[in-house]
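First up is the structure itself, then whatever we jot down about it.
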Amino acid sequence: MSDATKMPESSKKPDKLQEIEEATIRFAGDSGDGIQLTGMQFTRTTAIAGNDLSTLPDYPAEIRAPAGTLPGISGFQIHFGGGDILTPGDAPDVLVAMNPAALKGNLKDLKPGGFLIVNTDSFTPQNLAKAACAADPLKDGSLSGYRVLRVELSRLTGLALQGLDLTKVQAERSKNFFALGMMYWLFDRPLDPTLRWIAEKFKKSAVLVEANQRALKAGNAYAETTEIFNAHYTVKKAALSPGIYRNITGNEAAALGMVAASVLSGIELWYGSYPITPASDVLHELSKHKNFGVRTFQAEDEIAAIGSAIGASFGGKLGATGTSGPGLALKSEAIGYAVMLELPLVILDVQRSGPSTGMPTKTEQADLLQALYGRHGECPVPVLASATPADCFGMVLEAFRIAVKYMTPVVLLSDGYLANGSEPWRIPGMGELPRFSRPPIPSADRFKPYARDSETLARPWVSPGNAGYEHRIGGIEKADVTGNVSYDPDNHERMTRLRAAKVAQVAREIPKSQIQGPSSGKLLVVGWGSTYGSITQAVRRCQAQGLSVSSLHLRYLNPLPPDLGEILGCFERVLVPEINLGQLVKMIRSRYLVDAKGFNCVRGQPLKAADVEEAVEDILNNGGARG
Amino acid sequence: MAETIPSTPAGAPAKPVLARKDFVSDQMVRWCPGCGDYAILATVQKLLPSLGLSRENHVFISGIGCSSRFPYYMNTFGMHTIHGRAPTFATGLKASRPELMVWVVTGDGDGLSIGGNHLIHALRRNVDLKILLFNNKIYGLTKGQTSPTSEVGKKTKSTPFGSVDYPINPLSLALAAEATFVARAIDTDLASLGHVLERAARHKGSSFVEILQNCIVFNDGAWADVSEKSTREEHNLFLEHGKPMIFGKDKNKGLRLKGLDPEIVEFDSGKPPADLLVHDEKAPSTALAHLLANIGRPDFPVPQGVFRAVERPTLEDLIEGQVAAARQARPADLTALLRGAEGETWVVS
């Protein structure tokens, strides 16, 4: 919620439903507490209830860090409402803290006056010590600025499950459903979707179905009958455009986009990948869809993953690989090879905090320059970036379309936030999806491996098995047209420029840039990738204040949109917010000789809309003195 | 033994009979005069017509090194790839286009040093690749550095005081990866090289062939002890499945076990003792093949021929099996896929 009036402290009767525009809630607990599952259930129910939403799962890299400690905290934030929800929310209105560590690690983000639901049973001396709390925050007055609801979650869950054949420890595991039941009452959500989900998920154990369903209902009844909240809230359905919707994460959308690319082009997909956070879910998802002729291959390493995809592409298949920054680094020689071969290939980079192992489960946008320039030699490839989780679907399709049409590897940038974050997605009808196909090949007697299409400059894609087209390709410089080995200086110059010109040709097809706001003014905020939501929200708020600011979001990073230079020239100042130390801003400054300023955060978290808003205000009111 | 070569479908017009020249490309061969690679190239070009598969269905894939120029000289499809990674490209191609016959040409540096990881994984997956590793115990293309098969103490440009690295035994490595076909041949022994390559080609699954190859410029004579015609019979043991292990010009020496180790026994020609080791290339265990891989000059002859030839499902057959089963179980309905599981969607009107 953007302002405090939306969820008022109420003196009305507690059972009175109050309508609010939007809310942000965060579940936090041990990574073994089922926090992600709880958050996903709340998300699913909220999606089905018809709200717009955006989620941010935030979990540690350790599978099970020592219970009760700060490194073991797992969080899940969801922002939902009846309007256009663009971000997972800067600060939660409600925080559910399952233990002292979760409270300590998350309290600083909770809005002043926000709801804080704590599991008091977990505030034992041992747990306080594990969370390095000098004093018990439930007793030392440090929570006085919040509406604190002290709930004996463990004991109450145990009571609700009395009579079931479960140990005390087993019974306590259902406490997340008790907390979820409370949240469902607070936000007037139906229990049915989760009750049905529990029945399916735990169908192998009748006692677990009973336990979790009972805990959910008990939490819901507890919130209602004890009047622990002094109000509860309903959120209007969002005014989404008509259609069939589902909730989707960026990784799911990317995987479905790959299957769709295969169906729409009629070319089978080969996806070679090596497990790496946060990209592995794309492999997991694709491996389920062999009925579409999808072949997935868990390679022995990142290089083998891309190698297999290039081999499949030579064989006439849609070759793709997915990875994160460290893997992209390992693949760079093979990407250069694919540039030389001029074969279609899609490389999905789900960026994470770096360098090196960095913070694998945390997001960042710092691979842009690696994607653009991280190879030896003159080695241009088209680079695209998804703006939102659902946008990964369309951008994957676009990446394949370009790869096949121009016979080139294409890098598509996603990131940890897009990968695991989710939003409602209007499922496109078959007729709305772009179709593309393998370009026709010349007759065998006219075939030259490196003869080019006059429009796209693409060479013909001819795979083994075609009689009369036998030819050899390789990483050594190719003679123009014939593709034979050539060390001729003039030929190398010509081929280097041809490869660059081919990638530059893609610009002709980039749609006209959509500026949010007036097409000229004092300030243009330019972003790319997952900062789309934060920047758009911040700029809308600034526009509502009457500031002369517009925003522009880039999905094409190489080549850049042909109208970008002209647009930049229509604004006095340019601000480029990024989750890195300034990468797009370098490109804009060098390419267009514009004095663009960066706004940069590298905290492993999505950019906060409020921070962008402040940066815009600063540049417009103080000339950017702060930055 | 299962055949890997696709036969002409019944009723299809007979294909023209191909000859060696049909597999010779128009590119000038640029190996050093006297290089062992020439003999291997000629043997492969001679072999291919006999396999009955047309040119467009053969793909030669190589890494980097002298041996890796091989694809340019074959009038088939080919990929000259990046250093050490040939098995990765070959795996993606073969597993997505199982009807093709995919050859990998590599060397001791390419296949055992920078590409060692890919080699063992291709072999353990049993991808139906024909992997020819030219072993000359030296880096040739980079002009004479120690290789993973160079002997300890070998003086090269990068090891002027002698190599301190213990060498890899290529066949032991392949056997440790449970390769289903493991063989060795000498570049200049054309008859047995041709025989081994044909066996490799007809094997269904990963075939690994170590070819002892002479680098005339940087490591001339590295295999002279086994390749010289005058001593070939004495210094090599030519393996034959089901036959006792007998060698020597007069066929008067054999191998038998003493405890867990082999020993040489001499006998009157034509009267071998009953306890000689009998070669079994189909043994499920790799023990005998390991024993043979681990012996060599000067104490023993160098075994040549097929060490191991067993059957195991190939990667591409297993993948195709899963794809076929999935297709039978569920239609490829994109609309249904995009909508996801039941109960997960809602309608906005």
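The values are calculated or read from the model by the stated rules, or taken from the named source; none is laboratory data. Computed from a prediction, not measured in an experiment: that's the story for all the values here. Here the Cβ is made from the backbone with ideal geometry for all residues, glycine too, and neighbour counts use every protein chain on show. Please note that ligands, DNA and RNA were not included when accessible areas were found on the heavy atoms of the full protein model with its side chains. Shrake-Rupley method; radii C 1.70, N 1.55, O 1.52, S 1.80 Å.
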Of the listed links A:Lys16/A:Lys217; A:Lys331/B:Lys137; A:Lys331/A:Lys597; A:Lys317/B:Lys94, those spanning more than 22 angstrom between alpha carbons are A:Lys331/B:Lys137; A:Lys331/A:Lys597
Net charge (Lys, Arg +1; Asp, Glu -1) of residues whose beta-carbon lies under 12 Å from that of A:Pro561, A:Pro561 excluded, is +1
Averaging over all projection directions, find the projected area of the Cα convex hull of region A:444-509 and quote it in nm² with one decimal place.
5.0 nm²
What do you get for chymotrypsin sites (Phe, Trp or Tyr not before Pro) in region B:96-190 restricted to DSSP loop and a cutoff of at most 13 other Cβ within 10 Å of the site's Cβ?
B:Phe161
Positive-end extreme of charge dipole, chain B - chosen from B:His203, B:Phe134, B:Leu315 (charges on Cβ)
B:Phe134
Listed residues B:Gly111, B:Gly162, B:Gly140; largest mean-square fluctuation, Gaussian network over chain B with Cα springs below 10 Å, found at B:Gly162
Over region A:3-235, with neighbouring protein chains present, the accessible area per residue in Å² at probe 1.4 Å is 41 Å²
Which whole-number percent is the relative contact order of chain B (Cα, under 8 Å, 6+ apart)?
15 percent
Only Lys, Arg, Asp and Glu count, each charged at its Cβ (+1, +1, -1, -1), so figure out the dipole size of region A:272-426 about its Cα centre, rounded to 20 debye.
420 debye
Please go through region B:208-278 and write out the GluC sites (Glu not before Pro) that DSSP classes as loop and that have at most 15 other C-beta atoms within 10 Å.
B:Glu228, B:Glu240
Based on the alpha-carbon gyration tensor of region A:347-398 and its eigenvalue square roots a ≥ b ≥ c, which shape applies: rounded if a/c is under 1.5, prolate if not and a/b is larger than b/c, or oblate?
oblate
Given the peptides A:178-189, B:56-67, arrange them by the average over their residues of other C-beta atoms within 10 Å, most packed first.
B:56-67, A:178-189
Sequence ranges A:101-108, A:342-349, ranked by mean other-Cβ count within 10 angstrom, highest first
A:342-349, A:101-108
Mind pulling the angle between the C-alpha long axis of helix A:391-406 and the longest principal axis of chain A? Nearest 10 degrees, somewhere in 0 to 90.
10 degrees
Rounded to a whole number, what % of the accessible area of region B:88-184 do carbon and sulfur atoms account for, probe 1.4 Å?
59 percent
Might you report the magnitude of the Cβ-based charge dipole of region A:444-509 about its Cα centre, with Lys and Arg at +1 and Asp and Glu at -1, to the nearest 20 debye?
120 debye
Hey, can you find the accessible area per residue of region A:440-510 for me, probe 1.4 Å, expressed in square angstrom?
46 Å²
Surrounding charge for B:Thr43, neighbours by C-beta under 14 angstrom, Lys/Arg +1, Asp/Glu -1, total 0
What do you get for trypsin sites (Lys or Arg not before Pro) in region B:238-276 restricted to DSSP loop and a cutoff of at most 16 other Cβ within 10 Å of the site's Cβ?
B:Lys249, B:Lys251
Please compute one quarter of the surface area of the Cα convex hull for region B:109-224 and express it in square nanometres.
7.0 nm²
Nearest-20 debye value, the protein assembly as shown charge dipole, Cβ charges on Lys, Arg, Asp, Glu
660 debye
If you take the accessible area of B alone, add that of A alone, and subtract the area of the pair, what total do you get in Å², probe 1.4 Å, to the nearest 100?
5400 Å²
Acute angle (nearest 10 degrees) that the helix A:489-505 long axis makes with the longest principal axis of chain A, alpha-carbon atoms:
40 degrees
Inter-chain Cβ neighbour average for residues A:510-517, partner chain, 10 Å:
0
Considering the options A:Tyr450, A:Val506, A:Pro464, tell which one lies farthest towards the positive end of the dipole of region A:444-509, charges being +1 on Lys and Arg and -1 on Asp and Glu at the Cβ, about the Cα centre.
A:Val506
How far is helix B:37-51 tilted off the main Cα axis of chain B, in degrees rounded to 10, range 0 to 90?
50 degrees
Across A:259-266, the residue-averaged tally of Cβ atoms belonging to other chains within 10 Å stands at 2
Between region A:93-149 and region B:175-212, the alpha-carbon center distance in angstrom:
69 Å
The relative contact order of chain A, taking Cα pairs under 8 Å that sit 6 or more residues apart, comes to a percentage of 11 percent
Check A:Val525: other-chain or 5+ apart residues with amide H under 5 Å from its amide H, H built from backbone geometry?
A:Ser550, A:Ser551, A:Leu552, A:Leu575
For B:Pro262, what charge total do you get from the other residues with a beta carbon under 15 Å from its beta carbon, if Lys and Arg give +1 and Asp and Glu give -1?
-2
Which residue, chosen from A:Ile78, A:Tyr59, A:Val209, occupies the Cα position most advanced towards the positive end of the dipole of region A:3-235, where the dipole is computed from +1 (Lys, Arg) and -1 (Asp, Glu) charges on Cβ about the Cα centre?
A:Val209
Output the peptides A:299-312, A:195-208, B:117-130 sorted from most to least packed, where packing is the average of other Cβ atoms within 10 Å over each peptide's residues.
A:299-312, B:117-130, A:195-208
Taking every residue of B:317-328, the Cβ atoms of other protein chains inside 10 Å of its Cβ average out to 3
